[in-house]
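The values are calculated or read from the model by the stated rules, or taken from the named source; none is laboratory data. The structure presented is a predicted model; accordingly, all values stated were derived computationally and were not measured. Here the Cβ positions follow ideal geometry from the backbone for every residue, glycine too, while neighbour counts run over all protein chains shown. Calculation scope for accessible area: heavy atoms of the full protein, side chains included, ligands and nucleic acids excluded. Shrake-Rupley method; radii C 1.70, N 1.55, O 1.52, S 1.80 Å.
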Amino acid sequence: MKGITKYFIILTCIYLLGACKEEQFTIDSEHKIEIDADTLWFDTVFSKVNKSTPKSVNKQIIITNPHTKSIKTNIELIGGITSHFRLNVDGEPGYSFKDVEIFPNDSIFMFVEVHPSENNNSPDFNPLIIRDSILLNTNNNEQKVNLIGWGQDAHYIFRDSIENDTTWENNKLPIVVYGYCYVKPDVSLTIKEGMNIHFAPYSWLFVEGKVNIEGSAQNKVLLQGDRLQPDWEETSGQWGGIWLNWPTQDNYIEHAIIKNGTVGIYCDTISGNANVPNVTVKKSFIRNMSFDGIAGRGSNIKVENTISANCGRYTFLGSYGGDYDIKNSTFYTGSGDFSRNGPTFGYSNIVRDEFQNIISTHSLKFNFINNIIYGINSEGEIGDDLDGSKIDPESVLDYNLLRSKDPKYITKGSHNIVDSTPLFINKMELNLELDSLSPAKDKGIILNPNISNDYFDRTRDSKPDLGAFESRF
């Protein structure tokens, strides 16, 4: 018995000594935790659900301490109590957690749910895409987990492709694109009048097949970012744009509003057939692009009765040569928000390196007729870089109102109007219709084939006005 008693005394002492030993925490600035995900997606959330139904799945993140000492971390939901997301860290609910302890070579669980406001599709309560993030700070090392969920009733496209001919025509619900919507070669996407298409940041409509946008004067197709609050109504750079890539051709865009992106319509080095443009744009309004409104590299682009306005670089750019047919359209950048130094409208068939040495020259044809090209750049709003030997002899630049100091635009026989203010009705609000005293009135030429009406489908008379609008006065 004495031996057994002695044995238990020794074990008890060992236990007590271990229990009294102070837990050691690493404070090494090189030591941080490991997180098994940097983004959580909640793609099955809808704002209109029964109160008894969970609004989202419960997703988990495993936080691991890979070190030989315990570690402390601070965890914070950035949106705090106003966030649509909810956290539970190691069994404790909350929004902010201080000095969360994790034993050596051990893990804890963090659970996340998203709770959009019930039965409310207003952007004041639920944006189309709900975003937040979790910030973890360990020994002054910051790590972040992005949280993304769907907040309103809509059709969501998450980095997906159009595999078969498809039509979007149910205008009761918007379509929201996250990442990209890719139209594959030999496949058509048709977008009917009244559709609203929203894009998350850095998201694109990427087309190698064909896109047809078929709006109407009364019911246009709208493509814009996913931020619907008033402060974001006219803010550039919120999404990518429409990217047309080889082998696409014969795309058609009519009565569309494309706004607040990076590039409105971009044709990426694709030469179309002589009678089949890569894209035809009619009666559309492209505005507030952080880069270009309409741009093509060696492409075939046709534009009629269209407005491209307030872009960070060009409202139109035709580079690497190409075939550009632009008639009865308005190009204007009057916003001082952009730091551009060059013109708003450019075309060239010369490619130069950073030292302005010529790298290559390309064939170019253009027909710029009955347009307004204007803005706040006093040095001129139309610019070019041309090798005349590569320009099609049938190219025309005439019957336009231009802001320019270049004498070649007013040579003998030219009908261009240079450096006269077009007198828009309200340029600050981008109402670019012509005032009653505008010098652009009745200065156009009847074309063949004739452009018989304007942006609003109003009839053009026997003396057509310049630009996208036939004056009401």
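Please report the carbon-and-sulfur percent of the accessible area for the chain; probe 1.4 Å, protein heavy atoms only, DNA, RNA and ligands left out.
Heavy-atom surface of the chain belonging to carbon and sulfur, 1.4 Å probe: 49 percent.
With a ≥ b ≥ c the root eigenvalues of the C-alpha gyration tensor of region 170-244, is it rounded (a/c under 1.5), prolate (a/b larger than b/c) or oblate?
Note, shape of region 170-244 comes out oblate.
Rounded to the nearest 5, what is the percent of antiparallel bridges among the DSSP beta bridges in the chain?
The antiparallel proportion sits near 30 percent.
Write down, largest first, the equivalent ellipsoid semi-axes of the chain in whole Å, where each equals the square root of 5 times an eigenvalue of the alpha-carbon gyration tensor.
They are 60, 24, 20 Å, listed from largest to smallest.
Among the trypsin sites (Lys or Arg not before Pro) in region 155-195, which ones are in a DSSP loop with at most 11 other Cβ atoms within 10 Å of the Cβ? Mind listing them?
K172
In whole percent, what relative contact order does region 374-473 give with Cα contacts below 8 Å and a gap of six or more residues?
The value is 20 percent.
Can you tally the net charge around S363? Count Lys and Arg as +1, Asp and Glu as -1, for every other residue whose Cβ sits under 12 Å from the Cβ of S363.
Once positives and negatives cancel, what remains is -1.
For the chain, what is the accessible area per residue in Å², given a 1.4 Å probe and the full set of protein chains?
49
Please list 3J(HN,Hα) in residue order for region 453-469, calculated via the Karplus relation 6.51 cos²θ - 1.76 cosθ + 1.60 where θ = phi - 60°; whole Hz, with x for glycine and proline.
Using θ = phi - 60°, the values come out as 9, 10, 3, 8, 6, 7, 5, 8, 8, 6, 10, x, 7, 7, x, 7, 10 Hz.
Cα gyration tensor of region 346-473, axes a ≥ b ≥ c as square roots of the eigenvalues: rounded (a/c below 1.5), prolate (a/b > b/c) or oblate?
Taking the square roots of the gyration eigenvalues as a ≥ b ≥ c, region 346-473 is prolate.
Amide H of D226 versus every other amide H placed in the peptide plane: which residues, excluding those fewer than 5 positions away on the same chain, fall under 5 Å?
Counting only residues 5 or more places away or on other chains, the set is F199.
Quote the FRET efficiency, to the nearest 0.05, computed for R159 versus N426 with a Förster distance R0 of 60 Å and r equal to the Cβ-Cβ distance.
Result of the calculation: an efficiency of 0.90.
Apply the Karplus curve 6.51 cos²θ - 1.76 cosθ + 1.60, θ = phi - 60°, to the phi angles in region 392-401 and return the couplings in whole Hz, x for Gly and Pro.
Residue by residue, region 392-401 yields 4, x, 8, 5, 9, 9, 7, 6, 10, 9 Hz.
In the structure shown, do any of K302/K327; K220/K441; K210/K365; K327/K412 have a Cα-Cα gap over 19 Å, and if so which?
K220/K441; K210/K365; K327/K412
What relative contact order, as a whole-number percentage, does the chain give when Cα pairs under 8 Å and 6 or more residues apart are counted?
7
Would you calculate a helix-derived [θ] at 222 nm for the chain, using -39,500 (n - 2.57) for each DSSP H run of n ≥ 4 and dividing by the full residue count, to the nearest 500?
Result for the chain, helices only: -1500 deg cm²/dmol.
Starting from the Cα of Q60, step 7 Å along the direction of its Cβ; do the same at S395; then give the gap between the two resulting points in nm.
6.6
Can you work out ³J(HN,Hα) from phi for every residue in region 377-389, in order, using Karplus 6.51 cos²θ - 1.76 cosθ + 1.60 and θ = phi - 60°, giving whole Hz and x for Gly and Pro?
7, 5, 7, x, 10, 10, x, 8, 9, 10, 9, x, 5
Using +1 on the beta carbon of Lys and Arg, -1 on that of Asp and Glu, and nothing else charged, what's the dipole of region 308-453 about the Cα centre, debye to 20?
200
State the antiparallel share, in %, of DSSP beta bridges confined to region 316-473, rounding to the nearest 5.
So the antiparallel bridges amount to about 20 percent of the total.
Looking at the square roots a ≥ b ≥ c of the eigenvalues of the Cα gyration tensor of region 267-325, which shape do they give, rounded for a/c under 1.5, prolate if a/b is larger than b/c, or oblate?
The shape class here is oblate.
Ignoring ligands, DNA and RNA, how do D226, D160, D398 rank by accessible area with a 1.4 Å probe, largest first?
D160, D398, D226
Taking H as built 1.01 Å from N, whose amide H comes closer than 5 Å to the amide H of Q238, not counting residues under 5 places away?
G261
Exposed loop GluC sites (Glu not before Pro) only (DSSP loop, at most 16 other Cβ atoms within 10 Å): please give the longest stretch of the chain free of them, not including the sites.
For GluC sites (Glu not before Pro) (loop position, at most 16 other Cβ atoms within 10 Å), the longest site-free span of the chain is 235-353.
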